[in-house]
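The values are calculated or read from the model by the stated rules, or taken from the named source; none is laboratory data. Since the model is a prediction, treat every value here as computed from it, not as a measurement. We place every Cβ from the backbone using ideal geometry, glycine too, and count neighbours over all the protein chains shown.
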């Protein structure tokens, strides 16, 4: 950008228009992919504690901007998450798409949601998502008590406001000219 | 926020159709995902190539980050040592660590001596190592306890091989890529390791609980044979894990079971050693393994139907996929409870399958 950023609200050239357009289109996708890739953090943990960042961020985008993605977007991103995270292929595909469909249902039933409502819906979906992952693990033979997952669930729910802040900032930057 | 405008398509046929197709695609995708999951459950090695490639692509990222965190962690601990007049402290600590290992090894040696005098010449040791690699990451956001190792099939790592560190057992190889592999840690819920107590030689099955601890299941009824502080070593039963590798230490007793903690912490372990399977026939990889070595099946989930039987199983009809995750509700049975399969029957029917109504 040339000159004072606040003054330069209108694209000056075709190239700038193209850059704005790319940014507007791909920031949600790229930020979600970045969150999925956080699973590669070199942390060797003894107990599940940290949130599933990919799900948290895709959920936040979906709650904040319901219009940008159809449910099938969750399919592709879920496949990436499965390949990166080492879950059985299909787990995130199934759970994320189901979450998107549930959110579509909620959107048609509910006339209005505010921030607290978003948080409540996100909390429920985080709980169900963790439960689903646990059950698929059980089917795969990992016979663990569900109670060991509560710290992670609570932390993920508490991390939602932070994720919402980050996504809001990204969204504002995305739409800024 | 009001309902999103694009869900209200109005009278436009095209928009209505597009929305409808979107939902059809999403639901079809979910059905495909369920099928993929079913395949993964029936045949855990089904997508080995795809998952191995993904592992190869992502492991270097973790490995690079691991060295960075290791570097910064090193700085932190070095400064800490300085402030605690620490060169001496660090020296003493490493000495203590070494002594502790030596003590454990000598305890093992004493117990081993006593046993060897009893059964002379029956042991079949496989002590050499296949690869030495770093543990570069782990699944920190799921109930599974899987770690990534920076060595793969190019280094000779194969599915099922045991992995240990200098301290003790870490786990076994679950998936391999070309340059990286994924390990099932001993604390994972799907991992069960045959162990025995050093103090009184009581055999038990060490089953992970998913939260970094291990539950010790013993076949004995009555008084709990374990005490706090007992050290458990692998017993070598089953042929996967070599015998006498320190595996766990009992931290508390809960009624009939004992809760133990793995001796080797993969987060602390600098290097992990991949070893060959204790008795190669156990992983079903060597076609020419002598038939006499193959023990009668002790542990194993129901076999999949013959159409979905993976390749290595067909080569060795006696092979039971002890490496694959057991189905829920079916656990390791003592050999007495398992019916002996009829001779000449290639696909033995298991009691769980035989019990279901046709």
Inset, instruction - State yes or no: is residue B:246 more than 20 Å from residue B:190 (Cβ to Cβ) and in contact (Cβ under 8 Å) with a residue 60 or more places away in the chain? - result: yes
Inset, instruction - Would you confirm whether any residue within region A:55-70 is within 7 Å of another protein chain (Cβ to nearest Cβ), crowded, with 24+ Cβ neighbours inside 10 Å and part of a loop (DSSP other than H, G, I, E, B)? - result: no
Inset, instruction - Could you please give the count of residues in region A:1-46 that are under 30 Å from residue B:170 (Cα atoms), modelled with pLDDT under 80 and surrounded by fewer than 18 Cβ atoms within 10 Å (Cβ to Cβ)? - result: 0
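Out of curiosity, is residue B:170 within 18 Å of residue B:278 (Cα to Cα) and in a loop (DSSP other than H, G, I, E, B)?
Working: within 18 Å of residue B:278 (Cα to Cα): yes; in a loop (DSSP other than H, G, I, E, B): no.
No; evaluated as a whole, the condition is false for this residue.
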Legend entry - Filter result (surrounded by fewer than 18 Cβ atoms within 10 Å (Cβ to Cβ) and in contact (Cβ under 8 Å) with a residue 12 or more places away in the chain) within region A:81-115: A:101, A:102, A:106, A:115
Inset, instruction - Looking at (1) over 14 Å from residue B:169 (Cβ atoms); (2) outside any loop (DSSP other than H, G, I, E, B), find the lone condition where residue B:228 falls short. - result: (2)
Inset, instruction - From (1) outside any helix (DSSP H, G or I); (2) within 29 Å of residue B:18 (Cβ to Cβ); (3) facing chain B (nearest Cβ under 9 Å), pick out the condition that doesn't hold for residue A:74. - result: (1)
Inset, instruction - Restrict the check to region A:109-128 and report whether at least one residue is under 26 Å from residue B:55 (Cα atoms), part of a helix (DSSP H, G or I), in contact with a helix residue (DSSP H, G or I) (Cβ under 6 Å, 6 or more places away or on another chain) and more than 7 Å from every other protein chain (Cβ to nearest Cβ). - result: no
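Would you pick out the residues in region B:1-13 that are farther than 13 Å from residue A:70 by Cβ, more than 9 Å from chain A (Cβ to nearest Cβ) and at pLDDT below 80? Step through it out loud before you land on a result.
Going through region B:1-13, the residues farther than 13 Å from residue A:70 by Cβ turn out to be B:1-3, B:5, B:8, B:10-13.
Now restrict to residues that are more than 9 Å from chain A (Cβ to nearest Cβ): B:8, B:10-13.
If the condition is that a residue be farther than 13 Å from residue A:70 by Cβ, more than 9 Å from chain A (Cβ to nearest Cβ) and at pLDDT below 80, then B:8, B:10, B:11, B:12 are the ones that fit.
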Legend entry - residue B:184 being crowded, with 24+ Cβ neighbours inside 10 Å and closer than 18 Å to residue A:84 by Cα: yes
